[in-house]
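**Student:** Have a look at the structure that comes next, please.
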Amino acid sequence: TGGMDVIFTLQGDPSLFVASAASQLLVHMLTFSLESETSKALSAKDCDWPGCAQMIVKHIKESLQSSSAPHIEQSLKLLSSLFGSCFGSCYAAWTEVLWLDIAKQIESFLLEETVQAQPLLANLLLNVARSPAFCGTEGSFWALVTSALEHLTPVQAGPLAVGLLKLCKCPQDVRIQALTVLLQPMDCILRAASQPLECAGLLDESVSDPATVESLLSSKTSCAGLLCQTLTHLEKLLSLKHLRVDLPCVSLLHSLMTILQFCNGFLSPASPLGSTISRNLINCFRVQKSALDVLAALSEKKECDTLIGNLFDVLLAYLQSPNTSPTVLKKTFQATSKWLVHLQELSSSNSQWPQTEKILEDVLVVLQKRLCSPCWEVRDSSLEFLTSMVKCLRDQKEFRQCLLSSEVLRLTENLLEDPESYVRASAVTAVGHLAPIACFAPDSPVTGSQYNRESIVAKLQEILSTDSEGFPRRAVISIFTKWLREGCTGQLEDTEHFVSRVIQTVEHDLDWEVRLGGLELVEVFCSQTICQLSQCPYAPVTSAVPSATPQKELLQVFCRAKLFGFLFGSLCDCDKPVGQRACDVLVGLRGHFYPVSTLENPQEIEDSPAGRGIAWLQSTLRQGSLAQNFPVDGDVGVDFQDPESMMLALGAIDLLELHDELNKSSDHVEESPQSLLQDILAAVGTIEDNEVDCY
């Protein structure tokens with residue numbers, strides 16, 4: 001009835017959304033019409049297919065053969081979507097028939113350099129390669145893929161090459177050719193730098209004309225783009241657990257170091273090509289960041305051990321240079337951290353400690369300077385790097401010795417008072433990781449100095465209670481929880497006092513993430529205290545009636561620490577995640593104090609002295625309006641520091657019902673597309689365009 005012609009026309013609509021939807025609709029119509037014929041054996045000729053399918057295939061063929069570039073592009077996009085969505089084996093028969101019908105035309109596009117649709121061919125071929133119809137290792141299709149790798153430009157062929165290397169079923173010769181395409185720019189860099197003969201290049205031969213790559217790298221406009229794309233693809237390959245082709249890691253590392261030296265002007269190439277590339281790359285932040293990402297990924301490759309000294313020379317040059325931008329410095333720190341871990345593993349296995357010690361000392365000297373930088377981004381990334389080092393190397397005695405004998409600890413503590421909140425937050429995290437090895441450990445060489453336990457705890461508690469920004473306060477509560485988990489807060493009595501002080505601070509914090517962090521701290525404290533005084537965390541007691549002495553002692557500890565006021569108050573927090581977490585903790589506590597068979601009898605509770613207070617608490621929780629300052633006179637409210645009252649509260653209040661209520665999403669009131677659109681209009685205003693979009 002002409003409907004198909006309308007959809008074909010809409011493929012060329014000026015709106016990208018409409019054009020894309022029209023193309024996707026044609027894909028669905030074609031697959032639907034052919035799926036409806038699954039009970040019959042589909043003919044190997046599309047002329048015998050259902051009428052709808054014939055119309056779409058005819059339209060695709062005519063568009064591909066037309067002289068109109070937009071029509072060709074529309075059909076290539078449609079084909080790419082079609083093959084990209086037909087992964088099941090049920091599609092194999094008809095997708096193969098369709099491909100054989102258009103393969104010659106696609107091949108002609110590869111050979112005609114004037115066709116503007118070439119960039120779309122790589123995506124189409126990759127989607128066809130994923131189709132079950134072409135999972136074999138033989139056939140004309142793979143010859144076409146090989147031709148594409150040869151004829152497409154390096155920029156166009158790159159995505160196709162990396163996609164092929166990720167495929168499980170791809171002929172090995174095609175894989176090798178794809179890898180060669182990816183490595184050509186890196187090979188050109190090495191040759192242009194006139195490196196020694198043993199590492200003169202990555203490749204024995206090229207897939208396409210090397211002059212093409214040299215021309216792109218010689219151009220200021222295309223050099224950075226080609227290298228960034230290549231480096232991104234290489235990083236993806238290095239992240240794969242199973243790469244079905246061997247990467248020449250040593251030569252690749254040489255090439256990366258050469259690129260980085262070109263970028264900061266530390267390498268003077270002898271060849272004219274090298275000089276041109278060096279000028280194009282000087283201070284090119286994009287390339288530097290991409291190269292450092294690949295460098296970090298190579299840290300897991302043991303083949304690169306022979307170059308580790310040269311590698312750290314390059315990294316240290318970047319860390320020391322005043323011309324290194326803050327974003328590039330951050331990437332340098334990340335790569336250095338990964339290689340330091342690798343270096344430490346290497347030195348412990350083959351007694352290379354003198355070299356390792358020298359590198360560590362050099363890194364820490366640079367770090368001290370960077371911690372004093374006038375640029376807050378540099379101070380921030382320096383602290384992040386320090387935290388990363390401590391996390392990875394804290395168990396290494398040699399690292400601890402180098403760290404504790406430097407000025408890093410003092411400078412880090414000074415940054416707790418930095419004017420920038422991001423830096424203060426990072427300083428809190430760094431201090432939190434340093435403290436266990438600097439002042440909590442019994443054999444710490446700096447015990448008794450300014451960097452001591454009492455001083456650090458006091459400073460962090462001050463930040464938690466007085467800092468005007470949320471980031472540092474969140475960092476403090478996170479560190480306090482970490483210390484508690486690791487047993488850095490002393491004996492139970494000290495820990496109880498510590499937790500109580502933290503709770504009294506965070507329960508009034510305006511930042512819900514700080515309050516949520518406080519609940520996580522409480523959960524860890526409960527778990528550890530139960531372990532110390534009775535049994536495993538939140539496990540029901542073995543007897544029908546819990547043992548009186550440990551249970552009573554537990555309740556007394558929790559009441560003295562003022563846990564229950566914080567937990568019950570948080571149930572009615574205006575931020576739902578806080579209420580949910582508080583309920584989870586209370587449900588866990590009840591599971592410990594009350595085996596399922598021994599929950600309190602409602603009548604017994606009502607008759608008890610604390611009964612009225614519990615009834616008030618239960619009623620108030622149902623209303624969701626529990627105040628932070630609870631009355632404790634027994635006539636109006638409940639005493640949250642009375643163990644007997646809290647034991648009754650845990651047994652009487654239906655925490656599971658509260659849990660279900662808190663976990664209901666807000667859309668249970670009205671869940672409909674209309675409600676959502678009304679919300680959108682309410683938020684952005686009811687101007688005409690918005691009303692039209694929502695309609």
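The values are calculated or read from the model by the stated rules, or taken from the named source; none is laboratory data. On a predicted model such as this, the values are computed, not experimentally measured, just so you know. Ideal geometry is used to build each Cβ from the backbone, glycine not excepted, and the neighbour counts take in all protein chains shown. Note: accessible area is taken over every heavy atom of the protein model, side chains too, but ligands, DNA and RNA are not part of it. Shrake-Rupley method; radii C 1.70, N 1.55, O 1.52, S 1.80 Å.
**Student:** When the accessible area of segment 153-304 is split by element with a 1.4 Å probe, what percent falls to carbon and sulfur?
**Tutor:** Percent of accessible area from carbon and sulfur atoms in segment 153-304: 52.
**Student:** Need one value: the accessible area of Glu454 in square angstrom, 1.4 angstrom probe, rounded to the nearest 10.
**Tutor:** Rounded to the nearest 10, that gives 130 Å².
**Student:** So who's got an amide H within less than 5 Å of the one on Gln641, skipping anything under 5 residues away but keeping other chains? H placed 1.01 Å off N, in plane.
**Tutor:** Counting only residues 5 or more places away or on other chains, the set is empty.
**Student:** I need the phi-derived Karplus couplings for segment 144-151: 6.51 cos²θ - 1.76 cosθ + 1.60, θ = phi - 60°, integer Hz, Gly and Pro marked x.
**Tutor:** So the Karplus estimates, Gly and Pro as x, are 5, 4, 4, 5, 5, 4, 7, 9 Hz.
**Student:** Given H placed 1.01 Å from N in the peptide plane, which residues other than close sequence neighbours of Asp13 have an amide H under 5 Å from its amide H?
**Tutor:** Placed amide hydrogens put Ala19 under 5 Å from Asp13.
**Student:** If you don't mind, there's one more thing I want to ask. Provide the per residue accessible area, probe 1.4 Å, for segment 1-147, rounded to a whole number of square angstrom.
**Tutor:** With the other protein chains kept in place, segment 1-147 gives 51 Å² per residue.
**Student:** Still on this structure, I have one more. Between Rg and the Kirkwood Rh of segment 1-147, both from Cα atoms, what is the Rg to Rh ratio?
**Tutor:** Checking Rg against Rh, the ratio lands at 0.94.
**Student:** Of all accessible surface on segment 1-147 at a 1.4 Å probe, what whole percent is carbon and sulfur?
**Tutor:** C and S fraction of accessible area: 57 percent.
**Student:** For segment 245-337, rounded, prolate or oblate, judged on the Cα gyration tensor with a ≥ b ≥ c (square roots of eigenvalues), a/c < 1.5 rounded, else prolate if a/b > b/c?
**Tutor:** The shape class here is oblate.
**Student:** Also, I was wondering about something else. Residue-wise, which Karplus ³J(HN,Hα) couplings in Hz belong to segment 580-585, taking 6.51 cos²θ - 1.76 cosθ + 1.60, θ = phi - 60°, and x for glycine or proline?
**Tutor:** Coupling constants for segment 580-585: 5, 5, 4, 5, 4, 5 Hz.
**Student:** Sort out for me the Cα centre separation of segment 455-475 from segment 284-350, rounded to whole Å.
**Tutor:** Using only Cα atoms, the two centres lie 33 Å from each other.
**Student:** Under 16 Å Cα to Cα from Lys552, which lysines show up? Leave out anything in the same chain fewer than 8 places away.
**Tutor:** Straight-line reach from Lys552, under 16 Å: Lys562.
**Student:** Let me ask something else. Give me the three principal axis extents of segment 268-320 from the C-alpha atoms, as integers in angstrom, largest value leading.
**Tutor:** 34, 23, 21
**Student:** Go through Tyr91, Tyr594, Tyr422 and list them by solvent-accessible area, largest first, probe radius 1.4 Å.
**Tutor:** Sorted by accessible area, descending: Tyr422, Tyr91, Tyr594.
**Student:** Once ligands and nucleic acids are excluded and a 1.4 Å probe is used, how much of Lys302 is accessible, expressed in Å² to the nearest 10?
**Tutor:** 150 Å²
**Student:** Could you give me the ³J(HN,Hα) list for segment 370-385, computed from phi with Karplus coefficients 6.51, -1.76, 1.60 and θ = phi - 60°, whole Hz, x at Gly and Pro?
**Tutor:** Listing the rounded values in order: 5, 5, 9, 5, x, 8, 5, 4, 5, 4, 5, 5, 5, 5, 4, 4 Hz.
**Student:** Considering only Cα-Cα distances, which of the following residue pairs are longer than 23 Å: Lys241/Lys338; Lys236/Lys397; Lys241/Lys358; Lys391/Lys576?
**Tutor:** Lys236/Lys397; Lys241/Lys358; Lys391/Lys576
**Student:** Calculate the tail of P(r) for segment 153-304: the fraction of all Cα-Cα distances greater than 23 Å, expressed in %.
**Tutor:** That tail contains 30 percent of the Cα-Cα pairs.
**Student:** How large is the accessible surface of Lys61 in square angstrom, using a 1.4 angstrom probe and rounding to the nearest 10?
**Tutor:** 60 Å²
**Student:** Something else now. Once you place label points 7 Å from the Cα toward the Cβ at Asp48 and Ser108, how far apart are they in nm?
**Tutor:** It is 2.7 nm.
**Student:** Let me ask you something else. If DNA, RNA and ligands are ignored and the probe is 1.4 Å, what is the ranking of His659, His497, His233, His242 by accessible area, most exposed first?
**Tutor:** Solvent-accessible surface, decreasing: His242, His497, His659, His233.
**Student:** Would you mind working out the accessible area per residue for segment 230-325, using a 1.4 Å probe, and quoting it in Å²?
**Tutor:** Here the residues of segment 230-325 average 42 Å² of exposed surface.
**Student:** Let me ask something else about it. Over segment 153-304, what is the relative contact order in percent, taking alpha-carbon pairs closer than 8 angstrom and at least six residues apart?
**Tutor:** In percent, rounded to a whole number, it is 28.
**Student:** Sort out for me the Cα centre separation of segment 137-179 from segment 364-430, rounded to whole Å.
**Tutor:** Value for the Cα centre distance between the two parts: 47 Å.
**Student:** Here's another thing I want to ask about it. Straight distance only, please: which lysines reach the Cα of Lys220 with their own Cα at less than 21 Å, same-chain residues fewer than 8 apart left out?
**Tutor:** Within the straight-line cut-off, Lys220 pairs with Lys289.
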